[in-house]
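What follows is a set of notes on a single structure, which appears directly below.
The values are calculated or read from the model by the stated rules, or taken from the named source; none is laboratory data. Here the structure is a predicted model, which is why all the values come from computation and not from measurement. Reconstructed Cβ throughout: ideal geometry from the backbone, glycine too, with neighbour counts over all protein chains shown.
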Amino acid sequence: MGGFGFLLICTNLLLLLPTISFAVDSIGPSQSIRDGTTLVAKGGSFELGFFSPGSSKNRYLGIWYKNIPVQTVVWVANRCNPINDSSGMLMINGKGDLVLLGQNKSVVWSTSLVEQPKSATVELLDSGNLVLRDAGAGIYLWQSFDYPSDTLLPGMKLGWDSRTDLNRNLSAWKNSEDPCPGDFIWKNSGQLEMERHIYPEAYFLKGTVKYYRSGPWNGLRFSGAPELMPNPLYSFNFVYNDDEVYYMYTLLDKSVISRLVMNQTTSTRDRLRWIEAEKTWKPYSTVPRDMCDHYGLCGPNGNCLIGENPVCQCLKGFKPKSQERWNLTDWSLGCERKKPLSCQEKHKDGFIKFSGLKLPETTHSWVNKSINLKECRAKCLNNCSCMAYTSSDIRGGTGCAIWYGDLIDIRQFPASGQDLYIRMPASELENDDKAKKAIIVGVLAGVVFAGMLLLGYYYYLHRRKTEVKDYYLSSILVGRRSSDLIPFRESGLSSFLRK
């Protein structure tokens with residue numbers, strides 16, 4: 001009760017302090033922002049204040065683009081706790097926390113600082129980041145970039161930080177009038193201690209069900225996003241170490257306005273770009289892109305090939321687990337091995353190289369950045385449960401990623417996919433060798449046949465040329481009159497005989 005009473009007294013005293021009535025980018029302990037007033041970033045790019053989405057009467061504290069006529073909110077404080085009137089007020093309380101008050105001075109939303117600063121200020125940066133800083137030490141005590149809503153802005157980190165136990169995910173608005181999180185979420189794997197040695201990747205969830213998977217980071221891009229290439233709009237980076245795992249992008253041209261946003265209605269993550277001449281947001285890219293992007297479409301050990309009919313096929317060495325259901329385009333059961341593996345004969349096993357793939361889901365994976373591909377193969381071969389391996393970093397073919405159990409959510413790309421070495425029993429390798437030899441024999445036979453045809457055609461031309469020469473010369477020798485002969489130039493033999 002004592003702590004609550006102290007907080008209430010501090011809050012009541014601060015209510016008597018002056019309210020900002022003109023555009024500023026920061027406030028201190030003696031100031032507040034009321035409904036109807038705003039903070040504006042120093043460069044004029046973003047604005048913080050109270051708003052009502054769509055036709056809703058509810059009031060929320062949010063951040064939006066200052067110079068875009070279509071109000072585009074990128075962050076909301078009280079997402080699920082709206083204020084029903086214009087009583088909202090933002091201020092710094094006596095403990096240094098940033099506090100949003102509503103009706104009857106009730107706390108609608110607040111930060112929760114571990115230590116009380118001597119003097120705190122809150123500032124809206126040109127990046128769109130709202131920061132609470134210790135005025136004396138100059139350090140950030142809290143920042144909105146660590147608590148994103150549905151939008152990823154340039155410079156924001158999406159992922160986790162083990163040092164602060166911070167987990168940054170994006171979640172779509174429920175609808176255009178309700179910023180409370182819907183069930184469409186973007187998050188990274190590897191957030192729990194037990195997951196630290198898996199190959200990290202990003203997921204979209206619908207509720208608790210995986211909906212889309214980026215594929216693991218391979219040093220250049222996510223293996224399931226071959227379109228993530230150097231481009232004139234933005235650069236991107238993925239950091240993966242013992243302290244943190246996060247994705248971040250940066251705009252190359254500061255005059256460009258672009259954002260990533262989760263859309264509950266379409267169940268897509270859209271990269272949008274503001275087109276000033278048309279006064280509208282236009283899509284730059286969208287995922288999922290096609291049906292092969294939908295998580296696990298082809299089931300375990302299946303491979304999705306967009307443009308094929310059907311799109312789902314079993315990997316080489318595998319067959320449909322239920323041929324009847326597979327024929328009905330129900331691929332959920334996936335595929336099983338044609339010839340099962342035997343742990344007693346594991347050293348007779350080998351690997352078949354598959355190219356151009358989106359790598360399998362990494363829930364049951366293991367990664368080591370320090371060993372090479374040859375060592376990775378040996379490690380996989382010595383473990384009966386290891387089903388596949390590859391390089392974790394394709395920039396230099398270094399690092400080792402290993403998969404255990406079924407291989408899930410694989411798709412084929414026409415270009416920019418990745419190599420994956422899948423374990424096969426010796427008998428399957430023999431069949432593969434026989435198939436390769438048959439192909440080689442077929443190619444050689446074709447080459448020999450084509451060579452014989454060319455040789456025969458050359459022989460025919462040579463013989464024809466000789467016959468024509470002999471006929472013409474014999475006609476001259478028997479003394480035929482020149483009038484009985486076709487003129488030499490007109491006959492076309494002049495050029496033919498010179499060949």
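For the subset of the range 316-331 comprising residues that are among the polar types (S, T, N, Q) and out of contact with any Leu (no Cβ under 9 Å at 6 or more places or on another chain), which member is nearest to SER427 (Cα to Cα)? So, considering only residues that are among the polar types (S, T, N, Q) and out of contact with any Leu (no Cβ under 9 Å at 6 or more places or on another chain), the one nearest to SER427 (Cα to Cα) is GLN323. Within the range 48-59, residues that are in a strand (DSSP E or B) sit with their Cβ atoms under 8 Å from residues that are among the hydroxyl-bearing types (Ser, Thr, Tyr), at 6+ positions apart or across chains, in these pairs: LEU48/THR38; GLY49/THR37; GLY49/THR38; PHE50/TYR60; PHE50/SER86; PHE51/TYR60; ARG59/SER52; ARG59/SER86. The residues of the range 110-142 that are surrounded by fewer than 17 Cβ atoms within 10 Å (Cβ to Cβ), closer than 27 Å to ARG259 by Cβ and not hydroxyl-bearing (Ser, Thr, Tyr) amount to a single one, ASP126.
Put simply, of GLY159, GLY182 the only residue that is closer than 26 Å to SER55 by Cα and among the small types (Gly, Ala, Ser) is GLY182.
Of the strands (runs of 3 or more DSSP E) lying entirely inside the range 201-245, those containing at least 3 residues that are modelled with pLDDT under 95 span 234-240.
Within the range 284-295, identify whether any single residue is more than 20 Å from the chain's Cα centre (by Cα) and either exposed (fewer than 13 other Cβ atoms within 10 Å of the Cβ) or outside any loop (DSSP other than H, G, I, E, B) (or both), and answer yes or no. Give the steps one after another, and end with the answer.
Initial filter on the range 284-295 (more than 20 Å from the chain's Cα centre (by Cα)): none.
Looking for residues that are more than 20 Å from the chain's Cα centre (by Cα) and either exposed (fewer than 13 other Cβ atoms within 10 Å of the Cβ) or outside any loop (DSSP other than H, G, I, E, B) (or both), one finds none in the range 284-295, hence no.
Being within 30 Å of ASN67 (Cα to Cα) and either free of Cβ contacts under 8 Å to residues at least 40 places away in the same chain or in a loop (DSSP other than H, G, I, E, B) (or both): is that true of ARG271 here? Let's see the steps before the verdict.
Details: within 30 Å of ASN67 (Cα to Cα): yes; either free of Cβ contacts under 8 Å to residues at least 40 places away in the same chain or in a loop (DSSP other than H, G, I, E, B) (or both): yes.
Yes.
Consider PRO310 carefully, then state whether it is loosely packed, with under 14 Cβ neighbours inside 10 Å and either in contact with a Pro (Cβ under 9 Å, 6 or more places away or on another chain) or assigned to a strand (DSSP E or B) (or both).
Numbers: loosely packed, with under 14 Cβ neighbours inside 10 Å: yes; either in contact with a Pro (Cβ under 9 Å, 6 or more places away or on another chain) or assigned to a strand (DSSP E or B) (or both): no.
Here the answer is no, as PRO310 does not meet what is asked.
Screening the range 347-370 for residues that are in a strand (DSSP E or B) and hydrophobic (A, V, I, L, M, F, W, C) and picking the one that is nearest to ILE410 (Cα to Cα) gives LEU357. Can you confirm whether the range 107-121 contains a residue that is touching a Phe, Trp or Tyr at 6+ places or on another chain (Cβ under 7 Å), in a loop (DSSP other than H, G, I, E, B), among the β-branched types (Val, Ile, Thr) and in contact (Cβ under 8 Å) with a residue 60 or more places away in the chain? No - not one qualifying residue is present in the range 107-121.
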